[in-house]
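Have a look at the structure below, then the notes.
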Amino acid sequence: MVVTRFAPSPTGYLHIGGLRTALFNWLWARKNGGKFILRIEDTDLSRNSQEATRAILESFDWVGLDYDGEVAYQSKRFDIYKRYIQKLLDEGKAYYCYMSKEELDALREEQQKRGERPRYDRRYRDFKGTPPKGVDPVVRIKAPLQGDIIFEDGIKGTIVIRAEELDDFIIARSDGTPTYNFVVAIDDALMGITDVIRGDDHLYNTPKQFIVYEALGFKVPKFYHVPMILNEQGKKLSKRDGAMDVMEYKRMGYLPEALLNFLVRLGWSHGDQEIFTIEEMKELFDPKDINKSASAYNLSKLEWLNAHYIKNSSNERLLNLLKDFNIYLESHDKKEILLDALKERAKTIKEMAELAKEILEEPQNYDEKALKKALKGEWREILTLFLEKLKINEPHLPVDYHKIIEDVVKEKEIGFGKIGQPLRVALLGKLSGPGLDEVMAIIGKEESIKRVEKFLRKFE
Ligand code: GLU
């Protein structure tokens with residue numbers, strides 16, 4: 001069975017790089033009918049916050065990634081880690097090191113003077129004497145003294161690390177708390193993780209975790225180290241570029257399926273297909289197809305995908321999503337026409353809400369440039385004739401309004417633009433927006449008359 005995990009350190013919000021890692025792991029588990037575990041790596045008690053954990057869970061909930069079993073918290077597993085540290089000590093695979101910080105600093109300085117890479121010199125590895133008094137020792141693991149650590153990364157290929165490059169690294173600090181690489185390896189092994197898909201910033205942690213696996217006789221999982229997401233300039237993605245809290249995307253009006261579709265394509269592809277339903281992703285995703293090179297964040301692609309998913313959403317769903325942006329349409333008699341018009345045009349739910357406001361609320365001012373175009377020639381006679389006709393008709397649907405516009409066009413022998421421009425500015429205050437027949441059907445006959453009359457009075 002395939003068992004994957006997402007293992008965030010709760011030091012801040014979940015950002016989209018993290019969500020992409022989670023998605024890849026989730027897809028791989030779900031595709032194989034396996035398990036996906038969420039593990040909160042909160043051993044560094046000084047840097048973690050419950051708020052960050054809450055934010056991670058909230059993001060998972062919003063995008064719909066589910067996990068198997070309870071969330072695992074490393075902070076609740078200290079007893080387990082202690083037991084394994086003791087086991088390694090008992091078996092002579094780890095040892096107490098009594099070197100003080102000052103001694104370590106001095107050693108480092110000397111090594112640097114000699115042009116060597118600073119590293120611990122293993123002086124306590126086979127120490128048999130009486131330990132110095134007053135020093136709380138750390139525990140170090142015995143790394144191999146010779147040979148190579150070799151592993152096959154599913155994305156990067158064969159990785160070879162020479163034993164000389166590895167230290168007897170610390171697995172327990174002097175206060176007894178276990179270190180990062182140790183607990184990751186213990187947990188991955190005990191939780192039966194078969195496939196680790198994670199950012200390639202962890203690539204050089206892997207040999208250390210290997211040493212732990214080997215020492216304890218654990219089975220080594222398969223690793224996939226995923227290249228980073230870069231910005232459009234090829235630099236590390238910053239907050240400004242989009243590396244922000246996943247929930248910020250909700251606040252900006254993105255749909256979760258658009259964000260997941262966007263993320264799955266950052267670093268993974270299937271031919272030139274761009275749009276993937278969750279079901280398709282599950283069917284097609286395979287970590288071995290993840291690109292070797294970094295991928296670039298591209299906001300217009302996300303907008304494009306979001307527009308696609310908005311267009312294909314039910315009006316009922318959109319109506320509910322708009323509530324987050326203070327647009328309440330339940331009792332509006334023309335909500336279907338309105339939502340149909342909006343979803344053809346908006347790239348985000350936020351934009352939908354803004355467009356809705358522009359239609360539903362009478363314009364407070366008129367765009368200067370639009371006025372210049374609209375207040376031309378016979379605009380007053382044209383709008384007056386339109387008003388006359390509107391008043392004696394009982395239009396309901398866009399076609400009914402279209403018919404009235406058409407009648408004016410015929411009677412005055414003008415092009416559509418001659419009525420379209422002044423009418424549009426009168427109704428919306430500007431020249432852009434949905435079709436006028438739709439706008440009028442949405443706001444209704446009385447409101448349309450009111451807006452046109454106000455416009456005629458204002459530009460007497
Ligand atoms: N906790 C690590 C992080 O948030 C991830 C560890 C891992 O995936 O092995 O970067």
*When the Cα centres of segment 414-460 and segment 187-228 are compared, how far apart do they sit, in Å?*
64
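Please identify the GluC sites (Glu not before Pro) of segment 187-253 that satisfy two criteria: DSSP loop assignment and at most 14 other Cβ atoms within 10 Å. Which are they? Don't skip to the answer; put the middle values down first.
Details: sites: E214, E232, E248; in loops: E232.
Of the GluC sites (Glu not before Pro), the ones in loops of segment 187-253 whose Cβ has at most 14 other Cβ atoms within 10 Å are E232.
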*With charges only on Cβ, +1 for K and R and -1 for D and E, what is the dipole size of segment 420-460 about its Cα centre, in debye, rounded to 20?*
180
*Could you point to the residue in G147, F459, S9 farthest towards the positive end of the chain's charge dipole, with +1 and -1 charges on the Cβ of Lys/Arg and Asp/Glu respectively?*
G147
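What order do you get for 279-291, 194-206, 99-111 when each peptide is scored by the mean count of other beta carbon atoms within 10 Å, highest first? Display every interim value, and only then the final one.
Details: 279-291: 15.2, 194-206: 18.0, 99-111: 12.8.
Per-residue mean Cβ counts within 10 Å order the peptides as 194-206, 279-291, 99-111.
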*asked:* Tell me the net charge near E91. Cut-off is 13 Å between Cβ atoms, E91 excluded, with +1 for each Lys or Arg and -1 for each Asp or Glu.
replied: +2
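Report the calculated FRET efficiency for H396 and A294 (r = Cβ-Cβ distance, R0 = 51 Å), to the nearest 0.05.
Working: r = 55 Å, r/R0 = 1.08.
Step by step, r from the Cβ atoms, then E = 0.40.
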*Within the chain: Cβ-based charge dipole about Cα centre, in debye rounded to nearest 20 (Lys, Arg +1; Asp, Glu -1)*: 880
*With r as the distance between the Cβ atoms of N205 and F78 and R0 = 30 Å, compute the FRET efficiency 1/(1 + (r/R0)^6) and round to 0.05.*
0.90
*asked:* Out of the trypsin sites (Lys or Arg not before Pro) in segment 112-162, which ones are loop residues according to DSSP with at most 10 other C-beta atoms within 10 Å?
replied: R114, K128, K133
*Roughly what % of DSSP beta bridges within the chain run antiparallel, to the nearest 5?*
55
*For G199, which sequence-distant residues (separation of 5 or more, or a different chain) have an amide H within less than 5 Å of its own amide H, given hydrogens modelled in the peptide plane?*
V226
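Hey, with R₀ at 56 Å, roughly what FRET efficiency would R123 and K323 work out to, going by the Cβ-Cβ distance, to 0.05? The partial results should precede the final answer.
Values: r = 66 Å, r/R0 = 1.18.
The formula returns an efficiency of 0.25 here.
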*Could you give the size of the charge dipole of segment 48-89 about its Cα centre, using +1 on the Cβ of each K and R and -1 on the Cβ of each D and E, expressed in debye and rounded to the nearest 20?*
520
*Along the charge dipole of segment 73-200, Cβ charges K/R +1 and D/E -1, which of T177, I197, P118 sits furthest on the positive end?*
T177
*Cα gyration tensor category, rounded, prolate or oblate, for segment 350-411 with a/c compared to 1.5*: oblate
*In deg cm²/dmol, rounded to 500, what helix-only [θ] at 222 nm does the chain give when every DSSP H run of at least 4 residues adds -39500 (n - 2.57) and the total is split over its residues?*
-14500 deg cm²/dmol
*By DSSP, what percent of the beta bridges with both residues in segment 148-286 are antiparallel, rounded to the nearest 5?*
55
_Per 0.36 nm of contour for each residue apart, how much would the distance between Y180 and R240 grow if the chain were fully extended, relative to their Cα-Cα spacing?_
18.6 nm
*asked:* Please compute the length gained on full extension between E70 and H270, using 0.36 nm multiplied by the number of residues separating them and subtracting their Cα-Cα distance.
replied: 68.7 nm
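Would you mind ranking S293, S313 so that the residue whose beta carbon has the fewest other beta carbons within 10 Å leads the list?
Values: S293 8, S313 17.
Going from sparsest to densest Cβ surroundings: S293, S313.
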*With each pseudo-label sitting 7 Å past Cα toward Cβ, what's the E368-Q146 distance in nm, one decimal?*
8.3
*At 7 Å along the Cα-to-beta-carbon direction for both R162 and K450, put a label point, then send me their distance in nm to one decimal.*
8.2
*Furthest towards positive pole of dipole, Y67, A94, F36, structure part segment 34-96, Cβ charges*: A94
_If the convex hull is drawn through the Cα atoms of the chain, its volume per residue in Å³_ = 198
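Each value in this text was obtained by applying a stated rule to the coordinates, not by laboratory testing. Values in this document were obtained by computation on a predicted structure and should not be read as measured data. So basically every Cβ, Gly included, is an ideal-geometry build from the backbone, and we count neighbours across all protein chains shown.
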